[in-house]
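What follows is a short report on a single structure.
The values are calculated or read from the model by the stated rules, or taken from the named source; none is laboratory data. Just so it is clear, the model here is predicted, and its values are computed rather than measured. Neighbour counts run over all protein chains shown; Cβ positions are idealised from the backbone, glycine included. Protein only, heavy atoms only, side chains kept; ligands, DNA and RNA dropped before computing areas. Shrake-Rupley method; radii C 1.70, N 1.55, O 1.52, S 1.80 Å.
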Amino acid sequence: MLPLSSSQAQVYDREFRRRGVREQGWGRGLVAVAVLIWLWLAYQLFFSFSVEYGAKSGPATCTARAFPGDAAAGASPTGTERELCDAERDWGPMLAALLLSLPAATVGTALYASGTSALRTAGYAAEVTRLNAVKEP
């Protein structure tokens with residue numbers, strides 16, 4: 001293997017650092033997507049909501065999915081209202097969103113860690129090279 005010239009080493013170092021920054025960016029983006037999904041899930045689970053029940057009776061107030069027996073939200077819904085509430089915020093789509101967010105969070109974390117490691121390694125190598133250059137008169 002041929003030794004690299006100084007300019008080739010600098011070009012390689014710049015590209016190595018750019019790749020690290022790019023990996024960090026992708027990692028941040030994927031983790032942000034996962035966090036947005038988790039915030040949407042939290043909203044779906046912890047906030048009460050209303051569903052159109054009928055033209056004459058108005059909207060039906062539904063308790064939060066995480067607290068189905070919460071009496072503070074008002075009177076408990078009737079059987080038909082409860083079915084409408086359950087259908088409005090079904091567990092299936094929420095569980096699917098949670099399962100889809102896990103790979104995004106995992107890959108995002110791995111990319112961010114890899115990019116950070118690459119940048120730290122490049123900084124370490126540059127500092128060692130600088131110290132060796134100072135040491136040798």
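A few comments on the model shown:
- Of everything in the stretch 53-98 that is assigned to a strand (DSSP E or B) and at pLDDT 70 or above, the residue that is farthest from ALA34 (Cα to Cα) is GLY58.
Residues checked against (1) open to solvent by less than 70 Å² (accessible area, probe 1.4 Å); (2) in a helix (DSSP H, G or I); (3) in contact (Cβ under 8 Å) with a residue 40 or more places away in the chain; (4) more than 12 Å from GLY108 (Cα to Cα):
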position	(1), (2), (3), (4)
ARG14	no, yes, no, yes
GLY25	yes, yes, yes, no
ARG28	no, yes, yes, no
LEU36	no, yes, no, yes
LEU39	no, yes, no, yes
LEU45	yes, yes, yes, yes
SER50	no, no, no, yes
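- Applying a threshold of 9 Å to beta carbon distances and a minimum spacing of six or more residues, or different chains, the list of pairs starting in the stretch 83-105 at a residue that is without any contact (Cβ under 8 Å) to a residue 40 or more places away in the chain and over 16 Å from ALA66 (Cβ atoms) and ending at one that is open to solvent by less than 80 Å² (accessible area, probe 1.4 Å) and among the hydrophobic types (A, V, I, L, M, F, W, C) reads LEU84/VAL51; LEU84/ALA60; LEU84/CYS62; ALA87/VAL51; PRO103/LEU30; PRO103/ALA34.
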